[in-house]
Each structure stands twice: as C-alpha cells, then as structure tokens.
Amino acid sequence: MPIVVRIDVELARRKMSVAEFAERVGLTAANVSVLKNGRAKAIRFSTLEAMCRVLDCQPGDLLEFVDE
C-alpha cells in the first residue's frame, strides 16, 4: 500500500506506549495496532484529529505517501 503509517515513529519519539496512546485517543489497543501495522483501509478525520492532538503533530507526521 502506498500510504505508510508512521504512528510507531511518533510514539517512540515521545516514549509513549501503545496502551497509553490508545487510551488518550479513545481507541482500543487492537485498533491502534491495525493502524500502526498498515492494515487499516480507512481512518476517520475525527480519529486522525485526536491522534494529532495527543501527539502534538500534523497529519503528515503520521501518514506518508510512498510511490510503489
């Protein structure tokens, strides 16, 4: 898939666990894992907004387009 999810990079930079991130965003750890591993087919803007708010970042910090 040409969209790469970089949640793990941002979590590592902030030394935040998946469990803490999931709780603060309002997702289950399993759903964060699906996003983090690139298995998600879609993401709601409200979820992306919450993730950016928790991580204090921009959407482009979490999502990257890589041409295959």
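Throughout, read-outs are computed from the coordinates displayed, never taken from laboratory work. A quick note: this is a predicted structure, and the numbers were derived from the prediction, not measured. Cβ placement follows ideal geometry from the backbone for every residue including glycine, while neighbour counts extend to all protein chains displayed.
The residue that is nearest to Ala12 (Cα to Cα), among those in the stretch 23-59 that are charged (D, E, K, R) and surrounded by 14 or more Cβ atoms within 10 Å (Cβ to Cβ), is Lys36. Taking residues in the stretch 10-31 that are over 21 Å from Ala42 (Cα atoms), and partners anywhere that are basic (Lys, Arg) and outside any helix (DSSP H, G or I), not one pair has Cβ atoms closer than 6 Å while being at least 6 places apart or on different chains. Considering each residue of the stretch 23-33, count those that are assigned to a helix (DSSP H, G or I) and either touching a Lys or Arg at 6+ places or on another chain (Cβ under 9 Å) or over 14 Å from Leu62 (Cα atoms) (or both), and give that number. Summing the residues that are assigned to a helix (DSSP H, G or I) and either touching a Lys or Arg at 6+ places or on another chain (Cβ under 9 Å) or over 14 Å from Leu62 (Cα atoms) (or both) in the stretch 23-33 gives 7.
Put simply, of Glu20, Glu10 the only residue that is acidic (Asp, Glu), outside any loop (DSSP other than H, G, I, E, B) and under 10 Å from the mean Cα position of the chain (by Cα) is Glu10.
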